[in-house]
There are 4 protein chains.
Amino acid sequence: VIVRVKSSEDSSHVQRALVALGLWVERFEDDSQVSFLVAAHSSAVEEAAVRAIPGVESVARRPSLHPRIDAQSSPIDIAGISLGPGAPPVLMAGPCAVESEAQIDELAQRIARYGARFLRGGAYKPRTSPYSFQGHGEPALGWLRRAADRHGLKVVTEVLEPGDAPRVAEAADLVQIGSRNMQNFALLKAVAHERKPVMVKRGVAATIEEWLLAGEYCLFHGAPAVVFCERGVRGFDPSTRNLLDLGAVALLGQVQKRPVVVDPSHACGRRDLVVPLGRAALAAGASGLLIETHLDPGRALSDGSQALAPELLDQFLDP
Amino acid sequence: VIVRVKSSEDSSHVQRALVALGLWVERFEDDSQVSFLVAAHSSAVEEAAVRAIPGVESVARRPSLHPRIDAQSSPIDIAGISLGPGAPPVLMAGPCAVESEAQIDELAQRIARYGARFLRGGAYKPRTSPYSFQGHGEPALGWLRRAADRHGLKVVTEVLEPGDAPRVAEAADLVQIGSRNMQNFALLKAVAHERKPVMVKRGVAATIEEWLLAGEYCLFHGAPAVVFCERGVRGFDPSTRNLLDLGAVALLGQVQKRPVVVDPSHACGRRDLVVPLGRAALAAGASGLLIETHLDPGRALSDGSQALAPELLDQFLDP
Amino acid sequence: VIVRVKSSEDSSHVQRALVALGLWVERFEDDSQVSFLVAAHSSAVEEAAVRAIPGVESVARRPSLHPRIDAQSSPIDIAGISLGPGAPPVLMAGPCAVESEAQIDELAQRIARYGARFLRGGAYKPRTSPYSFQGHGEPALGWLRRAADRHGLKVVTEVLEPGDAPRVAEAADLVQIGSRNMQNFALLKAVAHERKPVMVKRGVAATIEEWLLAGEYCLFHGAPAVVFCERGVRGFDPSTRNLLDLGAVALLGQVQKRPVVVDPSHACGRRDLVVPLGRAALAAGASGLLIETHLDPGRALSDGSQALAPELLDQFLDP
Amino acid sequence: VIVRVKSSEDSSHVQRALVALGLWVERFEDDSQVSFLVAAHSSAVEEAAVRAIPGVESVARRPSLHPRIDAQSSPIDIAGISLGPGAPPVLMAGPCAVESEAQIDELAQRIARYGARFLRGGAYKPRTSPYSFQGHGEPALGWLRRAADRHGLKVVTEVLEPGDAPRVAEAADLVQIGSRNMQNFALLKAVAHERKPVMVKRGVAATIEEWLLAGEYCLFHGAPAVVFCERGVRGFDPSTRNLLDLGAVALLGQVQKRPVVVDPSHACGRRDLVVPLGRAALAAGASGLLIETHLDPGRALSDGSQALAPELLDQFLDP
């Protein structure tokens, strides 16, 4: 926002009023007038409050680049479950990869007992190395669906390529776009065409604006609803795998009232931090959590080191 | 930690057991044997649990570089107030800069009413520009001390140069080393010589190990106790001023049981995020919060845009 | 690499010898022996030199995760042009987006005159916003091909989705994987199947290892050769759009002898820095440059602000 | 810069003209008018060129925060040596720490033979751990001075605390402020009072503006001249210790014509990258290089792993 001041005598008064509202401003001067540029890291305030400051001549705005995301109301509905500010927090749990029909069925039963509403698990796995296990693919979609149905859960699972979008969307209630694909626009478009709600994980170095624009792609191309998922950004400290950005979560969840869930498992990579960071995420304004769980982490085909036993799910909602 | 395996036939069994404990491992091979290097972002586990795995030949450790910090027990005592895991959370509040005796006295009265135990405020201000207000200096130390005493509070305030250490330490109960001075070793040494507890704010791009080592400097040179303060690391998103690293807080507070407080005001720079991030910090394992408050933020001599009204302090401890 | 020392009396001698070789080491101790872990930011040295140090008992290595990339020799051949250490530097130039047949033809003529060997230009454009120009698509591929052929150039252009891989590979001599798709494994696989050389741009926060592994995906699935392209990583300073990582370029180009080109246009986003950074890239060890050029930047459909006039291409190769 | 357009019909024309100049702009609208905010990562252009665009009503600027740094002309003089744009590049070399009088004398002789003009070496060492070697202190200042004088070199060395400023400034021709102390304002002030030229190393996560402001502190408090030194910012890739920001160097050196030297030794930490990165730095616009050299790196008291043999200095200036 750029606030233009009527006459330069008003400028210090206007500046004080802007700061009092919680805005950070930088002063610009042209030959005759003063303007204040409001920095992005300012509190969200009503434009009317700025216009009402005596001495303000005009308030110029940048049009939002994501009108559909802005217009999405909260909570959203995903197969009958409400998610977002205004609804109670939702637990999503399950293994990194779907490993067998028996595994996923038993896990579904266990996580349901501890309050989870969504079963997660990868049928298609994006793996950094071509030599790693890449997921069981299509059969795993069926295992997931049946396990979820048997235990009263919904399904969230990731899609990796446009050609798989129809079958993933058929099996899932919520289709996940992974962090590495946040700006895979061909995939966003293909998924959106399936008309299922989409969960967009934040890219490892994506700005909040880029993240919201990925959601805008989904709504623009036909998705009925979008959930955002924070999973940590690239940090520099080796003690945690990523740097969980709960400031972004508070901004989306508390200030902008958007549905945002947090994946503390990937965020830190440490089993001993999943519970405190999950609880912190809810306190910050997350509308749900995505938790990796496994019955026998030592034998997990991927990411066992960060998986929790299902019993620990009861630590999140009732602190 | 490096885990050496007796014979290579044991290696897959040992690897599973390490993952089951929550460790991330990389496999190394020499001519005859397999070793696993445990990554830093692994769960903290007892060395005995690793040694007990059948097939493990030896477990090699890196000696800790900060034995005094490791040996500090929690909670610590600061002028009669307990801070750290094992003690209730502590609120520290006050203005960015001490602006006048009247200001600080009224603020002290108000924050005390809302549960704060420490009065904060800068007598000496580290400012990015030489043309900005640099603090009222020595007189402000007296104003702070008297205001705190009158209202039953303790004082935490920042020191900027070795020559000021004696007078700051005399006025303060807890001496703050600011983020920009975390590796100003001459200052750490001078402050430590004063024998007062020290609060070390994390540098804007400091690793956790560097942060703990700054604390080690303080204990090594005579400080009786060290508190750590997370205030956000350098991020890349313009919507928040810094990126609050609650993973580091959970690691220090929950896993390592060290006293760590969080400054959500500097972390995000946005008044509308201070409350949710402060509550998230406590959920993550912080032992206290440092909150900027001001009676008239528009007239603050620095950082008014992020200051809260004192009344909002009651949002943190009783959610 | 983990270096195990015969007896602890040898350890200080071995440590000095390792440092003399340019290695950074951390000391680990188990009950009876000392090992040194060599940090990743150490100079590349022959394993034999380490084994030859008196007192060394064994040297353990992590197997490389990208054997095919390691085995690729340099320079590689792309439609008759040699690229990589051992060959002269190669200029690739052209507009951000292919805007019309006339535009691309005239640009091809101009850049050829200034020494470029490859014509670049996007037929499919990955755009942060769904409302931005997304490229002219298939027709633009034909325009590119014909312009290049008429002026003796080769074609490098980006592919965005697996379904387009055949037609892009038919039109291009070198198929570009954009930064946002570096870990779009479905796309890497689809492109590799076309059996054309692939240029993999580094993701905005990708580690070097992740980048090399993206190349490994290509070779594993059938690509005949892989070129890497550095285009800047996410930084924190607003004065440049990204942070060009010439340390990574020197490592790949000079130490590891891999073909790596640099895109200084995207790296900095500033027209006034493209020439100095392009020349610095060649000095660091880049085997080529990718330069955005436009005849009328004010009318460019994307990124005109960073495009150079074709005449400036003569600044790069003849300093 | 904010560019206000006379009437909204002019806006697309003005926008094209701004892009043609190499500016990145964002469009703002108030009730009746359009303004363009020019992003910081735009090419530097003369304000007159913007004012001359038909349809532009006014151009508003932010006053510079560092007028003294802006007014410093280049090259500057340091004890008779010219440094900065307009002067030939200057080599500064020597050990991380001054270890003995004999060591520094022999090194001085060797580096002088290979074209160095400044002898560097730490008498006071800022060390991450209190248990590491902290430098020989005052005696080492004398060794440095005498060695430099004997071999026709100038001295650059670091100061760590305000109380040492007089004696360091007496021994040195150029006083170094280390990366960790870039915002140690008490130190900047104390050094400036000594009236010697100052070299300000960039903090590990400092923005360019913060760096220039550190220089402004020096000039404001009396330093006769300021040189900037880039030594790498905090990165995320373990293969290099820091991320050398040659974009910042090109900006300062080529666009803004300020004296900036580069320390490739600390930037990468790898002996095998020092030469290519040093040469790249000069190509980018650096006015000098700071190179760690040692006669017997295995026995260096600090940072031997990155030190070059003095003979390698001839690789930088005559590529």
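Can you give me the number of residues within segment C:278-302 that are among the small types (Gly, Ala, Ser), touching a Leu at 6+ places or on another chain (Cβ under 7 Å) and either more than 11 Å from chain D (Cβ to nearest Cβ) or surrounded by fewer than 24 Cβ atoms within 10 Å (Cβ to Cβ) (or both)?
Summing the residues that are among the small types (Gly, Ala, Ser), touching a Leu at 6+ places or on another chain (Cβ under 7 Å) and either more than 11 Å from chain D (Cβ to nearest Cβ) or surrounded by fewer than 24 Cβ atoms within 10 Å (Cβ to Cβ) (or both) in segment C:278-302 gives 2.
Only one of D:74, D:32 is within 24 Å of residue D:281 (Cα to Cα) and more than 14 Å from chain C (Cβ to nearest Cβ); which? First the steps, then the outcome.
Values: D:32 fails: within 24 Å of residue D:281 (Cα to Cα).
Of the residues listed, the single one that is within 24 Å of residue D:281 (Cα to Cα) and more than 14 Å from chain C (Cβ to nearest Cβ) is D:74.
If you take the residues in segment B:110-134 that are among the small types (Gly, Ala, Ser) and in contact with an Asp or Glu (Cβ under 9 Å, 6 or more places away or on another chain), which one is farthest from residue B:90 (Cα to Cα)?
Initial filter on segment B:110-134 (among the small types (Gly, Ala, Ser)): B:112, B:115-116, B:121-123, B:129, B:132.
Pick out the ones that are also in contact with an Asp or Glu (Cβ under 9 Å, 6 or more places away or on another chain) and you get B:115, B:121-123, B:129.
Working: B:115: 9, B:121: 16, B:122: 19, B:123: 22, B:129: 32 Å.
Per the criteria, the residue is B:129.
Determine the pairs where a residue that is at pLDDT 95 or above, located within segment B:31-45, has a partner that is of a type in the set (S, T, N, Q) with Cβ atoms under 6 Å apart, the partner being 6 or more residues away or on another chain.
B:34/B:8; B:34/B:11; B:40/A:239; B:41/A:239; B:41/A:240
Counting just the residues of segment B:225-237 that are out of contact with any Asp or Glu (no Cβ under 8 Å at 6 or more places or on another chain) and either without any contact (Cβ under 8 Å) to a residue 60 or more places away in the chain or within 14 Å of chain D (Cβ to nearest Cβ) (or both), which one comes out farthest from residue B:170 (Cα to Cα)? Write out each step before concluding.
Step one: list which residues in segment B:225-237 are out of contact with any Asp or Glu (no Cβ under 8 Å at 6 or more places or on another chain), which gives B:226-228, B:234, B:236.
In the following step, the residues that additionally are either without any contact (Cβ under 8 Å) to a residue 60 or more places away in the chain or within 14 Å of chain D (Cβ to nearest Cβ) (or both) were identified as B:226, B:228, B:234, B:236.
Values: B:226: 17, B:228: 21, B:234: 33, B:236: 39 Å.
Top of the filtered list is B:236.
Applying the selection to segment A:242-264, what residues are free of Cβ contacts under 8 Å to residues at least 60 places away in the same chain and farther than 19 Å from residue A:86 by Cβ?
A:242, A:243, A:244, A:245, A:246, A:247, A:248, A:264
Could you please find all residues in segment A:40-55 being of a type in the set (Gly, Ala, Ser) and outside any helix (DSSP H, G or I)? Don't jump to the end; show me each part of the working.
At the first step, the residues of segment A:40-55 found to be of a type in the set (Gly, Ala, Ser) are A:40, A:42-44, A:48-49, A:52, A:55.
Once the filter is applied, which keeps residues that are of a type in the set (Gly, Ala, Ser) and outside any helix (DSSP H, G or I), segment A:40-55 yields A:40, A:42, A:43, A:44, A:52, A:55.
From the list A:224, A:166, A:197, pick out the single residue that is touching a Pro at 6+ places or on another chain (Cβ under 9 Å), surrounded by fewer than 20 Cβ atoms within 10 Å (Cβ to Cβ) and not aliphatic (A, V, I, L, M).
Values: A:166 fails: touching a Pro at 6+ places or on another chain (Cβ under 9 Å); A:197 fails: surrounded by fewer than 20 Cβ atoms within 10 Å (Cβ to Cβ).
Going through A:224, A:166, A:197 in turn, just one is touching a Pro at 6+ places or on another chain (Cβ under 9 Å), surrounded by fewer than 20 Cβ atoms within 10 Å (Cβ to Cβ) and not aliphatic (A, V, I, L, M): A:224.
Within segment A:293-319, can you find the residues that are more than 11 Å from residue B:21 (Cα to Cα), in a loop (DSSP other than H, G, I, E, B) and touching a residue at least 60 places away in the same chain (Cβ under 8 Å)?
Residues of segment A:293-319 more than 11 Å from residue B:21 (Cα to Cα): A:293-295, A:299-303, A:309-319.
Add one more test, that the residue is in a loop (DSSP other than H, G, I, E, B), and what stays is A:294-295, A:300-303, A:309, A:318-319.
Listed by number, the residues that qualify are A:294, A:295, A:300, A:301, A:302, A:303.
Identify the single condition in (1) under 30 Å from residue C:30 (Cβ atoms); (2) more than 14 Å from every other protein chain (Cβ to nearest Cβ); (3) in contact with a Leu (Cβ under 7 Å, 6 or more places away or on another chain) that residue B:90 does not satisfy, given that it satisfies every other one.
The single condition residue B:90 does not satisfy is (1).
Quickly run through segment C:56-71 and pick out the residues that are surrounded by 19 or more Cβ atoms within 10 Å (Cβ to Cβ) and part of a loop (DSSP other than H, G, I, E, B).
Selection gives C:66 alone.
State yes or no: is residue A:189 within 20 Å of residue A:66 (Cα to Cα), surrounded by fewer than 24 Cβ atoms within 10 Å (Cβ to Cβ) and basic (Lys, Arg)?
On the way: within 20 Å of residue A:66 (Cα to Cα): yes; surrounded by fewer than 24 Cβ atoms within 10 Å (Cβ to Cβ): yes; basic (Lys, Arg): yes.
So residue A:189 fits the description; yes.
I need the full set of residues from segment D:269-292 which are of a type in the set (S, T, N, Q) and within 22 Å of residue C:17 (Cα to Cα), in order please.
Let us first name the residues in segment D:269-292 that are of a type in the set (S, T, N, Q), namely D:287.
Within segment D:269-292, no residue meets the criteria.
Given (1) at pLDDT 95 or above; (2) surrounded by 24 or more Cβ atoms within 10 Å (Cβ to Cβ); (3) in contact with a Phe, Trp or Tyr (Cβ under 9 Å, 6 or more places away or on another chain); (4) within 11 Å of another protein chain (Cβ to nearest Cβ), where does residue A:275 come up short, assuming only one miss?
Of everything listed in (1) at pLDDT 95 or above; (2) surrounded by 24 or more Cβ atoms within 10 Å (Cβ to Cβ); (3) in contact with a Phe, Trp or Tyr (Cβ under 9 Å, 6 or more places away or on another chain); (4) within 11 Å of another protein chain (Cβ to nearest Cβ), residue A:275 misses just condition (2).
May I ask you to list the residues in segment B:128-147 that are in contact (Cβ under 8 Å) with a residue 40 or more places away in the chain, assigned to a loop (DSSP other than H, G, I, E, B) and aromatic (Phe, Trp, Tyr)?
Scanning segment B:128-147 gives a single hit, B:133.
Considering only residues that are in a loop (DSSP other than H, G, I, E, B), over 17 Å from residue C:259 (Cα atoms) and among the acidic types (Asp, Glu), which ones fall in segment C:157-177? Full working, then the answer.
The first filter runs over segment C:157-177 and keeps only residues in a loop (DSSP other than H, G, I, E, B), leaving C:159-161, C:172-173.
Keeping just the survivors that are over 17 Å from residue C:259 (Cα atoms) gives C:159-161, C:172.
Selection gives C:161 alone.
Within segment C:93-125, which residues are in a loop (DSSP other than H, G, I, E, B), within 23 Å of residue C:278 (Cβ to Cβ) and of a type outside the set (Phe, Trp, Tyr)? Full working, then the answer.
Step one: filter segment C:93-125 for residues in a loop (DSSP other than H, G, I, E, B), giving C:95-96, C:98-100, C:114-117, C:121, C:123-125.
Checking the rest, the ones that are also within 23 Å of residue C:278 (Cβ to Cβ) come to C:95-96, C:98, C:114-117, C:121, C:125.
Within segment C:93-125, C:95, C:96, C:98, C:115, C:116, C:117, C:121, C:125 qualify.
Yes or no: residue C:60 among the small types (Gly, Ala, Ser), within 14 Å of chain B (Cβ to nearest Cβ) and touching a strand residue (DSSP E or B) at 6+ places or on another chain (Cβ under 8 Å)?
Against the criterion (among the small types (Gly, Ala, Ser), within 14 Å of chain B (Cβ to nearest Cβ) and touching a strand residue (DSSP E or B) at 6+ places or on another chain (Cβ under 8 Å)), residue C:60 qualifies.
Residues of segment D:1-39 being farther than 23 Å from residue D:255 by Cβ, among the aliphatic types (A, V, I, L, M) and assigned to a strand (DSSP E or B), which ones?
D:5, D:34
Could you list, in sequence order, all residues of segment C:272-289 that are outside any loop (DSSP other than H, G, I, E, B), touching a Gly at 6+ places or on another chain (Cβ under 6 Å) and closer than 17 Å to residue D:274 by Cβ?
None; the set is empty.
If we scan segment B:164-172, do we find a residue that is at pLDDT 95 or above and within 24 Å of residue B:85 (Cβ to Cβ)?
Narrowing segment B:164-172 to residues at pLDDT 95 or above: B:164-172.
Those still in the list that are within 24 Å of residue B:85 (Cβ to Cβ) too: B:172.
Yes: segment B:164-172 contains one or more residues that are at pLDDT 95 or above and within 24 Å of residue B:85 (Cβ to Cβ).
If I go through segment A:82-116 residue by residue, how many of them are within 19 Å of residue A:146 (Cβ to Cβ) and within 17 Å of the chain's Cα centre (by Cα)? I'd like the intermediate steps shown before the answer.
Taking segment A:82-116 as the starting set, the residues that turn out to be within 19 Å of residue A:146 (Cβ to Cβ) are A:92-95, A:97-113, A:116.
Next, only the ones that are within 17 Å of the chain's Cα centre (by Cα) stay: A:92-93.
Qualifying residue count for the region: 2.
Among A:314, A:263, which is among the acidic types (Asp, Glu) and buried (at least 24 other Cβ atoms within 10 Å of the Cβ)?
Among A:314, A:263, only A:263 is among the acidic types (Asp, Glu) and buried (at least 24 other Cβ atoms within 10 Å of the Cβ).
Residues C:189, C:257: which one is more than 8 Å from chain D (Cβ to nearest Cβ) and over 17 Å from the mean Cα position of the chain (by Cα)? Before the answer, list the steps.
Numbers: C:257 fails: over 17 Å from the mean Cα position of the chain (by Cα).
Result of the check over C:189, C:257: C:189.
Residue by residue, here is whether (1) within 16 Å of residue C:188 (Cα to Cα); (2) of a type in the set (Ser, Thr, Tyr); (3) within 13 Å of chain C (Cβ to nearest Cβ) holds:
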site: A:110; (1), (2), (3): no, no, no
site: A:114; (1), (2), (3): no, yes, no
site: A:136; (1), (2), (3): no, no, no
site: A:145; (1), (2), (3): no, no, no
site: A:152; (1), (2), (3): no, no, no
site: A:155; (1), (2), (3): no, no, no
site: A:163; (1), (2), (3): yes, no, yes
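Let me spell it out: the conditions are (1) crowded, with 24+ Cβ neighbours inside 10 Å; (2) of a type outside the set (Ser, Thr, Tyr); (3) more than 9 Å from chain A (Cβ to nearest Cβ), and residue B:210 meets all of them except one. Which number is the exception?
Condition not satisfied by residue B:210: (1).
Just to be sure before I move on: is residue D:269 more than 7 Å from every other protein chain (Cβ to nearest Cβ) and either farther than 20 Å from residue D:199 by Cα or touching a residue at least 60 places away in the same chain (Cβ under 8 Å) (or both) in the structure I sent?
Working: more than 7 Å from every other protein chain (Cβ to nearest Cβ): no; either farther than 20 Å from residue D:199 by Cα or touching a residue at least 60 places away in the same chain (Cβ under 8 Å) (or both): yes.
Taking the combined requirement at face value, the residue does not satisfy it.
Please pick out the residue among B:19, B:56, B:3 that is touching a residue at least 40 places away in the same chain (Cβ under 8 Å) and touching a Ser or Thr at 6+ places or on another chain (Cβ under 7 Å).
Details: B:19 fails: touching a residue at least 40 places away in the same chain (Cβ under 8 Å); B:56 fails: touching a Ser or Thr at 6+ places or on another chain (Cβ under 7 Å).
Step by step, each of B:19, B:56, B:3 is checked, and only B:3 is touching a residue at least 40 places away in the same chain (Cβ under 8 Å) and touching a Ser or Thr at 6+ places or on another chain (Cβ under 7 Å).
The values are calculated or read from the model by the stated rules, or taken from the named source; none is laboratory data. Small disclaimer: the values here were computed from a predicted structure and weren't measured. No Cβ is skipped: glycine too gets one built from the backbone with ideal geometry, and neighbour counts run over all protein chains shown.
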